[in-house]
Amino acid sequence: MKILRIGRIRILFLSSILVIIIAGLVSGTNVNLADNKELLLEAPSFLTTAKAATNNEIADRLDNEAGISAYFETTDQIKLDNAATAYRVIELRTADYIIGSVPVTGYEEHFDAHVYVHKDGWILAYYNKQNPIAKIVDIDNETISTTNLHTVVSVVASAAGVPFTNVNYYDFRYPNATNILMVAEDNENGLDFTINLPSSYGYYERGFALNGSGEQFYLDQVAMPRSYYYHSPYYHSYGVITASQLLPDITHTIEIAYNGNYGVLVVVYREQ
């Protein structure tokens with residue numbers, strides 16, 4: 001049984017139980033450690049300029065419909081004709097930018113992300129605000145080292161012919177949030193762990209992703225409701241955890257069961 005806590009980075013061994021206190025990305029060499037990663041949240045700088053402009057449709061659109069997003073800025077100019085080849089659907093195109101939907105490599109169409117690309121070097125991919133935060137998890141490849149939005153941004157950058165390094169993240173629903181914590185478990189690590197969220201932090205959204213239709217995500221021995229997303233030849237599922245189900249300052253048990261072999265807990269929060 002693994003125990004994870006959010007706070008300052010330190011690793012303690014207590015009665016042969018590994019206790020992890022997470023702040024930022026923590027890497028461990030112990031094979032029994034639940035895999036975990038933190039994404040920092042920061043608003044893209046172009047939003048400040050966009051919101052200052054009169055009747056700026058991009059800022060208004062993002063505020064109205066965008067949820068979790070990943071973005072990248074290159075110092076190179078982007079040729080929109082090249083970037084356009086990555087799109088499945090182009091909803092709006094001007095001389096300066098394109099907005100439309102781009103597939104996530106290897107996923108069905110309903111995983112497509114909306115993408116805004118500007119000739120001055122901005123690429124921003126996002127899911128609509130109605131989508132659960134856990135939809136960013138690359139559940140098909142059973143990894144949290146990247147995300148579905150990261151994949152989309154890299155695809156557009158490649159099509160545009162600009163050098164790509166990494167993405168930053170921002171959730172338009174929660175402008176005060178600072179971090180996303182992802183904790184993944186698989187068969188090798190026992191499919192269970194415990195987590196304690198300190199009340200000194202603020203929490204915005206909690207959710208989970210599973211890699212098939214037969215799995216159940218148990219929180220404190222209660223199976224969480226979930227929605228299915230078809231991805232041939234399997235179904236994946238995602239769910240939302242309410243604030244009352246994952247209260248702070250309480251040690252909660254997470255277990256993936258019923259033929260499950262991979263699941264991810266996702267928490268959006270603010271460091272106080």
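Rounded if a/c is under 1.5, else prolate if a/b beats b/c, else oblate: with a ≥ b ≥ c from the C-alpha gyration tensor eigenvalues square-rooted, which is the stretch 74-131?
Verdict is prolate for the stretch 74-131.
Within 14 Å, Cβ to Cβ, of TYR107, how many net charges do the neighbouring residues add up to if Lys/Arg are +1 and Asp/Glu are -1?
Net charge around TYR107: -4.
What does the charge add up to near LEU149, with Lys and Arg as +1, Asp and Glu as -1, over the other residues with Cβ less than 10 Å from its Cβ? Mind showing how you got there, number by number?
Working: positive: LYS135; negative: ASP138.
It works out to a net charge of 0.
What's the FRET efficiency of GLN130 with ASP220 using the Cβ-Cβ distance as r and R₀ = 41 Å, to the nearest 0.05?
Efficiency at R0 = 41 Å is approximately 0.90.
Indicate the gyration tensor shape class of the stretch 74-183 (rounded, prolate or oblate), computed on the Cα atoms with a ≥ b ≥ c the square roots of the eigenvalues: a/c under 1.5 is rounded; otherwise a/b larger than b/c is prolate and the rest oblate. Could you put the intermediate results ahead of the total?
Working: a/c = 1.61, a/b = 1.50, b/c = 1.07.
Since a/c reaches 1.5 and a/b is larger than b/c, the shape of the stretch 74-183 is classed as prolate.
Working out 0.36 nm times the residue gap between ALA43 and ASN141, then minus their Cα-Cα distance, what length gain in nm do you get to one decimal?
Numbers: separation 98, 0.36 × 98 = 35.28 nm, distance 2.79 nm.
Computed gain between ALA43 and ASN141 is 32.5 nm.
Every number in this text was worked out from the coordinates using simple rules, so none of it is lab data. The structure presented is a predicted model; accordingly, all values stated were derived computationally and were not measured. No Cβ is skipped: glycine too gets one built from the backbone with ideal geometry, and neighbour counts run over all protein chains shown.
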